[in-house]
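Values quoted throughout were computed directly from the atomic coordinates according to the rules given, and no laboratory measurement underlies them. Predicted model only: the values in this text are computed from it and were never measured. In this analysis, Cβ positions are derived from the backbone assuming ideal geometry, glycine residues included, and neighbour counts consider all displayed protein chains.
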Amino acid sequence: MCGIVAYVGDRTAYPILIKGLQRLEYRGYDSAGIALFNGEGARVYKCKGKVKDLQALVRDKEVGGSIGMGHTRWATHGEPSDANAHPHASMHGTFHVVHNGIIENHVHLRSELARRGYAFRSETDTEVLANLIEDVYREQGVSAELAVRLALTRVVGAYGLVILCEDEPGRLIAARKGSPLVIGVGEGEYFLASDAMPIIEYTDRVIYMNDEEVAVITPDALDLKDLYNDVKTPEIKTIKLSIENVDKGEFAHFMLKEIHEQPFSVTDTFRGRVAAGGDKIVLGGILDVMPRLVEARRVIIVACGTSWHAALVGEYLFEKYARVPVEVEYASEFRYRDPIVDEGDLVIAISQSGETADTLAAIRRVKGTGATRLGICNVAGSSVSRETDAGVYTRAGIEIGVASTKAFTSQITVLAMMAFLLGSKRRTLPADEYRELVTGLTRVPEMIAGVLEQEAKIKEIAHLYKDAPNALFLGRGILFPVALEGALKLKEISYIHAEGYPAAEMKHGPIALVDERMPVFALATSDHLYEKTAGNIQEVKARGGKVIAIATRGNEEIRGLADQVIEIPPCHEALSPLLAVIPLQLFAYHVAVARGCNVDQPRNLAKSVTVE
Ligand code: F6R
C-alpha cells in the first residue's frame, strides 16, 4: 500500500528518496512523487506510474536540496493520476504533505473548507488535510507544528504523515495514527519511512512512532509530543535487517526466492524453540501468559487473506491436539460484529506485516473484555505485536513478494508449535504422540527441500494449464485451507479465476463448472480422508475434468486416477499443509511468469493493507 520516505540532513535528498521509493515498490502502488527543499521553496515532481516514470520526469530538472519527502500512492480516493499523486500542497502553497491512510471525514472537511474559499486540485483526502492545516495556521497564527496538531484533532481516520511548511524550512513534521511511520536515526540526519526498508542501508537505529504522536525533526534534533502537547521520550531500537535480506540474489523474482527460502525460514521459525530430542517446545514470547492459555475455554483467531488460511490450519491443530474449541474469523467482519468475548477466551491475531488495518482493529475490538490477546507476526515491532498481551514472532525473514509464501509456512509452524505445546500442557496430547509431532516438525525443512526439487516438473504442468480460464482446488480436513491458499495464489498473480473448495462441497455447485478446460487440483495425500478425496477425483474425471493430484510418494493407485501427479514425502498428517502448499506456490508462480504477469507486484494488490 502507499509508501512514505523522507530525509532531513546534509546529504542531497534526491538519491535517498528515489532509492527509498524503489525499496517501497514491493508494497504495491500506482503513482509516485517527491518534494525537494533547498531553503528557497519546494520543487514537487509527481506522476502516475512507477518510480522509473518519476525518474524520467525529473531528468534534466533541478534536484538539489537536503530535505525532501517521497511517496508511492495506492489509490483510495480518486483514480491513479498525476493530480492525485502525492505530495499535495495546500492552496496557498504553505504546506506540502505526503500521507498514508484514509481521512474518513474528508467529505465534511472538504465542504467546510470550500465554504471558506479553499479550492482543490485533486480528488484526494490528503489535499483536504493540507488545506485544513493551512487554514488553522493562517486563522490562528500559530506555529506549523501546532497547526498540524490542532488540525489532526479534527481528523477521523488513519494517517502516517510527513509535512513541510515553506515558512519554516529546515524541518519536517511527522505524525502517525493507525498507519506506521518509522524514524531512522543517523549522525546529524534523520530518515523517515512507512517501513524500515528504505532506512536499513543508512542506519539500524530506529524509532517506531506511536499513534497520536507528532515529531518535529531537524538534522540535529527530534522533538516528540502527543497531539495534546505532552512531551514523549523517543525509544530508539536496533533493527536486525540487513541489505542482503532485500536483494533477489540469483532468483528472477522475490516470490521465487521466498518460495525457495522455505526450508530455511521454517527452520528459523522453530530454531531454539524446539528441543532436539523432540520432547520440548519453548515459546518465550508466551511464557508469561501460559497459565491463561492452558485455562482458555475458547480460541478465536482473527486474520485476513493468506494469514486467515493459516488460521484455518490452526483451527484443525488446536482442536485436535489441545481439544479447545476454535473460531476463525475474518478480521474485517469480526471488527464490526458484536462478538461475545470474555476472560475465558484467547484471541490470536495472525499477520505477516502486523499492520493490516482490519486485523489491528479486531484486536483492539476485544481490548478490555478480559480475553488474552496474542499476536503471531513476522515484522518485529509492528503494531499487532505491540498491541497484544504476548505473542510469537514467525521469524520468516522479510517477505517482499506481494503474494505471501514463506510467511504462510512459518505461521503454520508457529500454530503447530502452540497447538502441540498446549496439548501437552492440557494433557490432551499423549507424550509419545507429542514427541512424534515435534520430531516430525524438525524434519519438515528437508522435506520441503525435496518438494522444491520437483520445480521443473511443476513448471511443465504450469505451461500445460497457463491458458485455462478457471481453476478449482479441492482439499479435505487440514488440507482444505491449503486448497484455499492454492486458489488465492493463482488468482493473485496470474489473474486466472480460481476457487478453493472442501472436496465434498464440489457436488453442491462447482461441479457444474468442470469440463476439459478446467484444471482441478486435488490435495490427495495419504491421510485418513484419502479414500474420500479419491472418490471426488473420480467425479471430476467422469465429467471430463483434468486432475492434478498432490499425493504422497508411494501411492501408485493415484496415477491411474489423475492426469498429473506431484508427490510430497510421507509425513504426519498434521504437518502435511507445510508440504502440500509448496507445489501450489510454484504452480502459481510459473503460470504467472508464462502469462507475462508482474509476479512481485501484481495489479491492484498491496503488500501491507493499512486501510480497511
Ligand atoms: C496473499 C496475501 C494477503 C495477506 C493479507 C494479510 O498472498 O499476502 O492475502 O495475507 O493481506 O496480510 P498480513 O498477514 O500482513 O496481515
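Using R₀ = 22 Å, calculate the FRET efficiency as 1/(1 + (r/R₀)^6) where r is the Cβ-Cβ separation of K248 and R603; round to 0.05.
Numbers: r = 20 Å, r/R0 = 0.92.
For K248 and R603, the calculated efficiency is 0.60.
Of the listed peptides 129-138, 7-16, what is their order by residue-averaged count of other C-beta atoms within 10 Å, with the highest listed first?
Put in order of decreasing packing, that is 129-138, 7-16.
Take the alpha carbon gyration tensor of the range 248-451, find the square roots of its eigenvalues, order them as a ≥ b ≥ c, and report rounded if a/c is under 1.5; if not, report prolate when a/b exceeds b/c, else oblate. Could the numbers behind the result be given before it?
Working: a/c = 1.98, a/b = 1.14, b/c = 1.73.
Note, shape of the range 248-451 comes out oblate.
Can you tell me the relative contact order of the chain? Whole percent, Cα pairs under 8 Å, sequence separation 6 or more.
On the way: 1390 pairs, mean separation 73.7, N = 612.
Computed over the chain, the figure is 12 percent.
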For K257, the lysines lying under 16 Å Cα to Cα, once residues fewer than eight places off in the same chain are dropped, come out as K248, K406, K459, K489
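Which value in Å is the Kirkwood Rh of the range 454-612 over different Cα pairs? Don't jump to the answer; show the numbers that get you there.
Working: mean 1/r = 0.0640 Å⁻¹.
Taking the inverse mean of 1/r over all distinct Cα pairs, the range 454-612 comes out at 15.6 Å.
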Taking Lys and Arg as +1 and Asp and Glu as -1, residues besides G391 with C-beta under 14 Å from its C-beta add up to +2
Assertion target for Y589, Y501, Y316, ordered by fewest C-beta neighbours within 10 angstrom first, is Y316, Y501, Y589
If each K or R counts +1 and each D or E counts -1, the residues other than A144 whose Cβ falls under 12 Å of its Cβ total -2
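Starting from 0.36 nm per residue, how many nanometres of slack lie between R517 and N210 once their C-alpha separation is accounted for? Don't skip to the end; give the middle numbers.
Numbers: separation 307, 0.36 × 307 = 110.52 nm, distance 5.19 nm.
Answer, rounded to one decimal: 105.3 nm.
Nearest-5 percent of antiparallel DSSP beta bridges in the chain?
Working: 59 of 100 bridges.
Expressed as a percentage, antiparallel bridges in the chain total about 60.
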Once the in-chain neighbours fewer than 8 apart are removed, the aspartates and glutamates whose Cα is under 12 Å from K225 read E145, D211, E212, E213
In this structure, the FRET efficiency calculated for K425 and R386 from their beta-carbon separation, with R0 = 30 Å, to the nearest 0.05, is 0.70
Rounded to the nearest Å, the spacing of the alpha-carbon centers of the range 487-529 and the range 236-287 is 31
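Report the local net charge at V58: Lys and Arg +1, Asp and Glu -1, summed over other residues whose C-beta lies under 12 Å from its C-beta.
Values: positive: R43, K46, K52, R59, K61; negative: D53, D60, E62.
Surrounding charge for V58 is +2.
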Computed from the beta carbon distance with a Förster radius of 41 Å, FRET efficiency for H497 and N229 to the nearest 0.05 stands at 0.15
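Show me the ranking of peptides 366-379, 317-330 by mean Cβ neighbours inside 10 Å, starting with the highest.
366-379, 317-330
How would you order 461-474, 336-349, 398-411 from highest to lowest mean count of nearby Cβ atoms within 10 Å?
On the way: 461-474: 20.0, 336-349: 17.3, 398-411: 26.4.
Highest-to-lowest ranking by the protection proxy: 398-411, 461-474, 336-349.
Per the Kirkwood definition applied to all pairs of different Cα atoms, how many angstroms is the hydrodynamic radius of the range 378-423?
Final number for the Kirkwood radius of the range 378-423 is 11.6 Å.
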Looking only at lysines whose Cα falls under 19 Å of K232's and that sit 8 or more positions away or on another chain, we get K177
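So how much slack lies between S111 and D467, counting 0.36 nm per residue of separation and subtracting their Cα-Cα distance, in nm? Kindly include the intermediate steps, with their values, before the conclusion.
On the way: separation 356, 0.36 × 356 = 128.16 nm, distance 4.92 nm.
The S111-D467 span can extend by a further 123.2 nm.
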Shape call for the range 68-117, from the Cα gyration tensor axes a ≥ b ≥ c (a/c under 1.5 means rounded, otherwise prolate when a/b beats b/c, else oblate), comes out oblate
